[in-house]
1. Which numbered condition trips up residue B:10, out of (1) away from chain A (no Cβ under 11 Å); (2) under 21 Å from the mean Cα position of the chain (by Cα); (3) surrounded by fewer than 17 Cβ atoms within 10 Å (Cβ to Cβ); (4) not acidic (Asp, Glu)?
2. Mind telling me which of the residues B:159, B:100 ends up being among the β-branched types (Val, Ile, Thr), surrounded by fewer than 18 Cβ atoms within 10 Å (Cβ to Cβ) and at pLDDT 95 or above?
3. Which numbered condition trips up residue A:74, out of (1) at the interface with chain B (Cβ under 10 Å from one of its Cβ atoms); (2) closer than 15 Å to residue B:72 by Cβ; (3) at pLDDT 95 or above?
4. For residue B:342, only one of the following conditions fails: (1) among the polar types (S, T, N, Q); (2) at pLDDT 95 or above; (3) part of a loop (DSSP other than H, G, I, E, B). What is its number?
5. Does residue A:433 qualify as being in contact (Cβ under 8 Å) with a residue 12 or more places away in the chain, buried (at least 20 other Cβ atoms within 10 Å of the Cβ), more than 25 Å from residue A:277 (Cα to Cα) and touching a His at 6+ places or on another chain (Cβ under 8 Å)?
6. Restricting region B:76-131 to residues that are more than 23 Å from residue B:240 (Cβ to Cβ) and among the small types (Gly, Ala, Ser), which is nearest to the chain's Cα centre (by Cα)?
7. Any chance region A:24-45 includes a residue that's within 9 Å of chain B (Cβ to nearest Cβ), in a helix (DSSP H, G or I) and hydrophobic (A, V, I, L, M, F, W, C)?
8. How do the helices (runs of 4 or more DSSP H) wholly within region B:352-424 filter down when requiring 1 or more residues that are surrounded by 12 or more Cβ atoms within 10 Å (Cβ to Cβ) and of a type in the set (Ser, Thr, Tyr): which remain?
2 protein chains.
Amino acid sequence: MSTEIPDFPTKITPQSEDFGRWYIDVVRRAELADYSPVKGCMVIRPYGYAIWELIQQGLDRRFKATGHVNAYFPLLIPESLLTREAQHVEGFAPQVAWVTQGGDEVLEERLVIRPTSETIIGTMYAKWIQSWRDLPVLINQWANVVRWEKVTRLFLRTTEFLWQEGHTAHETAEEAQEETLRMLAVYKEFAETELAMPVVDGQKTESEKFAGADRTYSIEALVRDGRALQAGTSHNLGQNFAKGFNITFQARDKSVQFVHGTSWGVSTRMIGGVIMMHGDDGGLILPPRIAPHQVVIVPIPRGNWRETVLPKAEEIRDALVARGVRVKLDDRDSQTPGWKFNEWELRGVPLRLEIGPKDLEKSQVVLARRDTREKSFVPMDGLGAHVEELLATIQQALYDRAVTYRDEHTVEADGYEAFKSLMAGRPGFVISPWCGSATCEASIKNQTQATIRNIPFASTPPVGKSCLVCDAPATAHAWFAKSY
Amino acid sequence: MSTEIPDFPTKITPQSEDFGRWYIDVVRRAELADYSPVKGCMVIRPYGYAIWELIQQGLDRRFKATGHVNAYFPLLIPESLLTREAQHVEGFAPQVAWVTQGGDEVLEERLVIRPTSETIIGTMYAKWIQSWRDLPVLINQWANVVRWEKVTRLFLRTTEFLWQEGHTAHETAEEAQEETLRMLAVYKEFAETELAMPVVDGQKTESEKFAGADRTYSIEALVRDGRALQAGTSHNLGQNFAKGFNITFQARDKSVQFVHGTSWGVSTRMIGGVIMMHGDDGGLILPPRIAPHQVVIVPIPRGNWRETVLPKAEEIRDALVARGVRVKLDDRDSQTPGWKFNEWELRGVPLRLEIGPKDLEKSQVVLARRDTREKSFVPMDGLGAHVEELLATIQQALYDRAVTYRDEHTVEADGYEAFKSLMAGRPGFVISPWCGSATCEASIKNQTQATIRNIPFASTPPVGKSCLVCDAPATAHAWFAKSY
C-alpha cells in the first residue's frame, strides 16, 4: 500500500480554473496537511494541527459546559461485536480495515479498526449501567477512526481521520431526543461562532441516516464552488444499540428497560470546510478565532532595524500576547518583506502588522487585513484594543460574506425540468418540494448527482405542492445540493 | 478475541495481602479504567481520563515552552517502511498488529498498526527537510499505539495505549544529544512537580536501549511494592533512521548530510505509576496537581440543610472554583455522608471539606486530608487561601514521602551473594558495580529477575571495584531492580 507522494505545488491554481486543484494546492503549500506513503491517509502538519487544537478546545469547552466527560475506548473491535446491530454492520462492514494477525499469532477472531465506536461503547455501557440512578451517561471520546475509502481528498475524506464521538444513554426517549438536538445546536453555534461558517440544521432522510439510528440530523455548509459539505451529525439511536448490546436498567417502577441512546460527531473534515468556505486565489483565509497566528508582525529591515525596529516589534508582540492575541513575529533575515507578505497571506493569517523606521518615527504601524486586503495606518497608542476590535470585525465579516454567498446560491425550483437545468451547473442549494419517497430521492441522485442535504428545521411547509418527480403531494421542502 | 469482563471487585484487597490484586481493585473500583472485550486492551473511564487530560496539559505546555509543535501522522504503516531500519524491525516486528484486508480488498502490502512512529515520520521528514535552514524540526504527536503484548496489566502494559511521541531532526550530533537530555529533564521535572513522583534519571544499557537508537535515557520510579517503573524514555537516534529513510539536508558548507534524530515518549502508564506510588489500603491518593477533583465538599444533611447548609456549600464551591481550585460538591440525597467519605477517599480526592449546621453556626468547616487523614476545623474567613496552601502542602508531603520510601529502599551491594539474597525479597533499588558486559547483565537477570534500570547521571564512579558477577573492573555503579 506504499504510494508515492507527489511533489509540492510551486504555485496555487486559481479557483476559477480548477477549484479542486486550488484546494489541494492550498492545503499543501500552506503546510496544513500532506499526502503520506499510506494510500488514503494524510499527515496533518503542525500548522493544520494547530487549527485542529483550537477546534478541539472550542468544542471540548462546550461539551463540558453541557455536562459531558471524556473517556477512551479501544481502537480494535472484535468482529462479533460489530455484527450485533444488523443495520450497523451492513452499513460499516464494507468499509472497515481488518486486523487478522497479532505478532506471530493468527487471530482466532478477526478485529476491525473502529470506523465508529457504538458497538464497543455499547458493550461497556451494558456493564456499567444498572439503575436509572446511573443515567444519563454523557461520554465523549477524542479519537482516530478508519474507514476504507475508495476516493479520498485531504481533510474532506480520508481513510483515517480524527474526530470526536459523543455517546450517551438516557432513561427516556424524550431525553435522548433532547440530547440529540442539543448537540446539533452546539455544533451549529460552534461552526457559526468559531469557524464563521453558516450552516443549515435539519433532519437527514431515511436513506441518508446513520446505520443503526432512528433519526439523523446534520449541519450543512455551502462552500465556494457551490457544493454542500456535511459538517457534523447527531443521531438519535433509539433503543437499537441498547437491544443489540443488552444495555438495560432498572427503572423507577422497578421494571427492566432498555436505555435510549444518542451519538454525535465532527471531524478534521471541518478544516477542509473552513478552507473551502473562506479561501481565495491568494490562498487560505482563516477566521481569527481558529487562526494559529491571528497577527503576523513583519518588521521592515532598513538601516539598523535590528537595534531600532525589532525591539519595538518585540514590545508590540509581547503586549498583544499579554492581551491573549496569538502573534507570530517573523524576523527572519533570509527572506524579504515582500516574500513574507505573500507567504503569510497564503497561510491565511487574518492580520499583518508592518513596522519600519518611518513608522517608528511617526509612532504608528501598518495593519493589513487578509480578507479585504485593506491597509491602514494605526497609531501605536491604543494599538492592542484596535487589533482586538479589528480581529472581531474580520471574524464577523467572514461570517457575513459566507451568509451572503449562501443566500445568493440558494434557489427554489418546484418543477423537475427547472431543477435539472439548475443542477447542470453548480447552483448551491436548491429547495424543492419532495414526497418523502426514497425512490424519487434516488432517481434525482441518479439523474443529477444532487442529494437531499437535509430537511431544515426552518423550512416552510410545501402547502399544496406536489413532489418534484412524481405527482404525489409533497411532504417537505428538501434542500438539495451536490456535495463533498 | 472477544473476552469476558470479570465482575467488579466489591472490596479493595489490602496491599500487604496482594499488591497486584490491590492495584487492579483500586483501578476498577475508583473507575479509572476497566477491562474491555478486546484481549489486552483497556477502557479509560472518565475519572481516569480526566487525570490523563491533566497530564497532557502539563506536558504539552512544557513541550511548547521548549519550542515543539504538535502534528499527526498515520496510524497505519506499510510493511516495507517498518523494515528499513534493521534493528528497529527486529525489535518491533514480533509485537505488531497486522492489517491484511481493507473493506473487501485483500491488501497487496500488509500494514502494521504503529507500535511507534519513527518510520512513518522519517519518511515525511525526508520529503520536508531540504536545507540546514529547515532544521531543527521539533514535532510531537499525541496518539494511540498498539503493541501485541502477551501479559497485560491495566495502565502499566496494555496492547493499545495512549502516549506522546516527540520526533526531532537536527543539524549536528551535539544538538541531538542536547535535545535528548533536555526532554529527559522535562520528564523528570514534570514527574516530580506534577505527579509528586521522584525519579532517577540516567542512561539505559545497550541491551535495554530502544530498537534503532544510539543511546536511550530513562526516568525510573520506585513504587510501593519495591518494584521499579520506567516512567519515560528519551532516545538519541544518531543517524540511524536518517540513513534508513534518506533524511538529508544541504549543510552550511553545501555538502549533503544526514540529520541527527531523537525521539522521546511517555504514556498512560504514568497513571499506573501514580496509583502504585501514592495509594494505600483505602484506595487511591492523588497528588493535588493531577487530581480531577482537588476538593470534595460533603454537606452534612441535618434538619433543613438544603435551605441552610447547601447554599453555603455552593457559595464555598463557587469561591474556590473562582480561585482555580477543582471542586466537586457531592449533594446526592441517595447516599449518607459516611458512604461519601469512603467513596471519595477510595477515589483519592486530596482534600474533603465537610460542612453541617453546627459548622455554619460557628462559621467554620472541617477539612480532612486524604494522605494523613488529619482533620481540622478551619474558619470560613480566609478559607480559599487556606485550601490552596493545604493543597500545596499535600503535594509536597506526597513527594517527600515518596523520596523517603525510595531512599529507605535503595541499598548498595558489592558482592553477588549479598545481591542475590537481597533480590530474593523485594528490596527496591540495589546499587552494584558492573563491568559493562551484556553477558553479566543477562546472567543477573536470569538468576534474580533483576534488571539494570539505568546508570544514573548522579551515580558515583566504582573506583577500584570489580563487577558484581565477573572479576573484570567495574565501569559503573548500575541501579538494579525488579520492575514492571
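1. It is condition (2) that residue B:10 fails.
2. Result of the check over B:159, B:100: B:100.
3. So the condition that residue A:74 fails would be (2).
4. Unmet for residue B:342, out of (1) among the polar types (S, T, N, Q); (2) at pLDDT 95 or above; (3) part of a loop (DSSP other than H, G, I, E, B): (3).
5. Yes.
6. Per the criteria, the residue is B:97.
7. no
8. B:383-408, B:416-423
The values are calculated or read from the model by the stated rules, or taken from the named source; none is laboratory data. Everything numeric in this text was worked out from a predicted model, so none of it was measured. Virtual Cβ from ideal backbone geometry, glycine too; neighbours counted across all protein chains shown.
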